[in-house]
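Input: a single structure, listed below in structure tokens.
The values are calculated or read from the model by the stated rules, or taken from the named source; none is laboratory data. Just so it is clear, the structure is predicted and the values come from calculations on it, not from any experiment. Backbone-built Cβ (ideal geometry, glycine too); neighbour counts: all protein chains shown. For accessibility, only protein heavy atoms count, side chains too; no ligands or nucleic acids. Shrake-Rupley method; radii C 1.70, N 1.55, O 1.52, S 1.80 Å.
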Amino acid sequence: MGSVSWLLLVLVSMGMVVCTWCQNSSSEAITAVYIVTLKQAPVVHDYGVLKKETNVFRHGGSGKSNRMDKARHRNTSRSGGSSGSYIARVHDSLLKKVLKGEKYLKLYSYHYLINGFAVLVTPQQADKLSQRTEVANVVLDFSVRTATTHTPQFLGLPNGAWAQRGGYDSAGEGVVIGFIDTGIDPTHPSFADDVSDRPYPVPAHYSGICEVTPDFPSGSCNRKLVGARHFAASAITRGIFNASQDYASPFDGDGHGTHTASVAAGNHGIPVIVSGHHFGNASGMAPRSHIAVYKSLYKSFGGFAADVVAAIDQAAQDGVDIISLSITPNRRPPGIATFFNPIDMALLSAVKAGIFVVQAAGNTGPAPKSVSSFSPWIFTVGAAAHDRVYQNSIVLGNNRSIAGVGLAPGTDKDTMYKLVSALDVLNNDTSISKDMYVGECQDSTNFDPDHVQGNLLICSYSIRFVLGLSTIQQALETANNLSAAGIVFYMDPFVIGFQLNPTPLKMPGIIIPTSDDSKILLQYYNSSVERDGQTKQVVTFGATASILGGLKANYSFSAPKVMYYSARGPDPEDSSLTNADILKPNLVAPGNFIWAAWSSVGTDSMEFEGENFAMMSGTSMAAPHIAGLAALIKQNFPSFSPSAIASALSTTASLYDKNGGPIMAQRAYANPDQNQSPATPFDMGSGFVNATAALNPGLILDSSYDDYMSFLCGINGSAPIVWNYTGQSCWAYNNTISGADLNLPSITIVTLNSSRTVQRTVTNIAGNETYSVGWSAPYGVSMKVAPTRFTIANGQRQVLSVSFNATINSSSATFGRIGLFGTQGHAANIPLSVMVKIFYNSTNS
């Protein structure tokens, strides 16, 4: 029996699918996975905002040990079996009724955040379902993709946010972060529960389970890792699930999920040892928070929306406080607005349930409108560099120094070593004509050890390394087998604009990352060797060099800066790239060169294969920084709504780098540091996260589920789609609003037609305070804020009226800010973005 069929039978036996079609022969009609939503409201809409401290949605006993033991073996959920199993039966009944006698495969029943199911059917069957009165929406499934030792210090946590909560040993305590990712390696010390003598109970409001499989055995979960599941039914039906690589369990075969979980909530003080070198001690942002894993992304193919929605639905049922998604869709959702897709709408219901949702912006920058996280209820995070850099360099015998990368030791000080090119030390049985890639040093038997021993071996770094056909590790093994003193990689001229991450090297070595610098190395080498006039073989190797090494970190004052790959706004409202009155990203956080835990079998980055830690870059790394910091805010303000947490992070964000200058944004993939300019809100949102200030914001701007519904209902033609996804009528929302009218900690106006006034309502969560209001208007706009001064008591609200008037005709976006400055030291910044400006000259009229 094939692995796919076997896995389907396992899923059937577990009650995860209803199957009248477990095998599909070539004669069958073309099938696909569809996500079907029903008009009846899901569980969360029946109960409204959940009070997680009550017992209404819990299962099992009150003692943590009993619940943990039962959780390892039971497929139960926080909402209990009654409502979930009833709705699943309703789904089964509908399918049997509509598709009577036909073949289909139900993959999931969603009942908590959305009422619907995922099913494998033909397009004709999908059409039958869509015509039923009970059915609200039928959407074709779509694919998704995946998008720290020093960052706690860079963010000021030890003496700031952690100190306010009693130190790292209590930071984030009682908060559960749910990760929708590639799983987790439960054996990693970052996820152990015995690193402190303090009591560490599983939060009473969390009721998730821990799957048990051969590669995720009983005991994998503990008081730190409190829940773990996997979701792969959609992938399995497509025949692309590889059980040996992807693991049919919560275990992480990729590395990405282990990395992101430890960035947010990994234990404090875990030694980072890679290739035998110690790079400091790691800590998550909220080292005392709990981790719950909902694996729906996989090494070999990414993931699918049907599985992701199932993971989100389960995480909400289980009682997580925060959901972290370091994933983005592979394409913009079709339809009248990007907000209307199964993932974002499930997350809207999660927000209604009081769950803070953070998502990576995507790694498709620096182009405008490249952001892949769209909705105002989702907190979207871009990636910035922090101030730690690892620099390596090689000094040539002509005193020329070339910068490079490589987490490697240097050669002996004050000693120059002979340089030998791999192409000049081939043995008699090897030639370039026989092996055109021999210069990549992948096989030590191709070389003469007498010429390599004690020297620096020069190897080529070609596109084959990028594709994984050749590896650094194999070249290092070659150099080691030949007793080389070290290894030097030069960049093949055909590898253009490729950005190299620092790579661990177990011996002295360096990678020269640009073709221009590589030419300098090769010109010096070729000018220093003496060759036989007839054979062209080297008679004398005259070039020498020493490698300084790249194990020691250096610190820059130019940080933070927005990385070239970090996706940018403005927020596209639809697939035709119409702009939305919503600011994206919300802010930026550390995402470049981040040390964090790595799966023991992780292969997402081949340079770190077999290591316990890896250095990764991307908005995937930035998002869990915010998830962890949000846990600190949730711990400090348990009653905060998701939008209040978002406001605290946004209004306190920093606008300046360590040197006091404006935060810069890289504008090009090639030579990014030579192509940068001051960041705008479309690059960095509100700015760079300020962890300590976010714990004491003074004022917050709050938005409710009803506000988001009013916004969605305000989109032209949206009423039937809103009904389809939520089961709620837009007639209940008489006063629809635009994105600019949402009470967000930013103001974005796509088209300023002469003039417009918007309002923002601030709530004081601190003591009595008097605020002064200042602003800088976007170019081409005059503006006024009223009042310009106000006194506000704890718990009181103040409405700010913000009037804009166009003074020029322009289609170029311009930016400004509103600042609220309190007498007790609180400050809130609200970024302004105005795109199209239409000015009417009354005199000419």
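Summary table
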item	result
Correct option for semi-axes √(5λ) of the Cα gyration tensor in Å [calculated from the coordinates] among [x] 48, 31, 24; [y] 46, 35, 27; [z] 59, 29, 23	[y]
Per residue accessible area in Å² of the chain, where ligands, DNA and RNA are left out and the probe is 1.4 Å	37
Leading residue at positive end of dipole, the chain (Cβ point charges), from LEU38, VAL562, VAL538	LEU38
Sum of -39500 (n - 2.57) over DSSP H runs of 4+, divided by residues of the chain (222 nm, nearest 500)	-6000 deg cm²/dmol
About the Cα centre, charge dipole magnitude for the chain (Lys/Arg +1, Asp/Glu -1 at Cβ), debye	2280
Extended-chain gain in nm, criterion 0.36 nm per residue less alpha-carbon gap, ALA786 and HIS278	177.3 nm
Under Karplus coefficients 6.51, -1.76 and 1.60, residue-wise ³J(HN,Hα) of the range 506-515 in Hz, glycine/proline x	7, 10, x, x, 7, 10, 8, x, 10, 5
Apportionment of accessible area to carbon and sulfur, the range 414-547, percent (1.4 Å)	47
Rounded to the nearest 10 Å², the accessible area of ILE87 at probe 1.4 Å	20
Distance between modelled label sites at LYS413 and GLU102, nm, 7 Å Cα→Cβ extension	7.8
Positive-end extreme of charge dipole, the chain - chosen from GLY685, GLY219, LEU832 (charges on Cβ)	LEU832
Eligible aspartates and glutamates near LYS128 by straight Cα distance, threshold 13 Å, same-chain separation 8 or greater	GLU102
Protein-only accessible surface order, largest first, of ARG400, ARG132 at 1.4 Å	ARG400, ARG132
The range 319-392-the range 216-255 distance, computed between alpha-carbon centres (Å)	23
Point-to-point label distance, SER772-PHE637, nm (Cα→Cβ direction, 7 Å offset)	2.5
Pairwise FRET efficiency - PHE494 versus THR761, Cβ, R0 = 45 Å, nearest 0.05	0.20
Among GLN453, PRO572, PRO189 - extreme Cα towards positive end, dipole of the chain, charges at beta-carbon	PRO572
Average Cα contact separation per residue, the range 657-722, under 8 Å, 6 or more apart, as relative contact order %	16
Solvent accessible area, Å² - THR146, 1.4 Å probe, full protein context	50
Carbon/sulfur fraction of accessible area - the range 742-836, other protein chains in place, 1.4 Å, %	46
Exceeding the 27 Å Cα-Cα cut-off - candidates LYS106/LYS584; LYS100/LYS295; LYS295/LYS634; LYS39/LYS352; LYS434/LYS536	LYS106/LYS584; LYS100/LYS295
Amide N of the range 416-441 lying under 14 Å from the label point, which is placed 7 angstrom from the Cα of THR535 along Cα→Cβ	424-431
Rounded accessible area of TRP377 (nearest 10 Å², 1.4 Å probe)	10
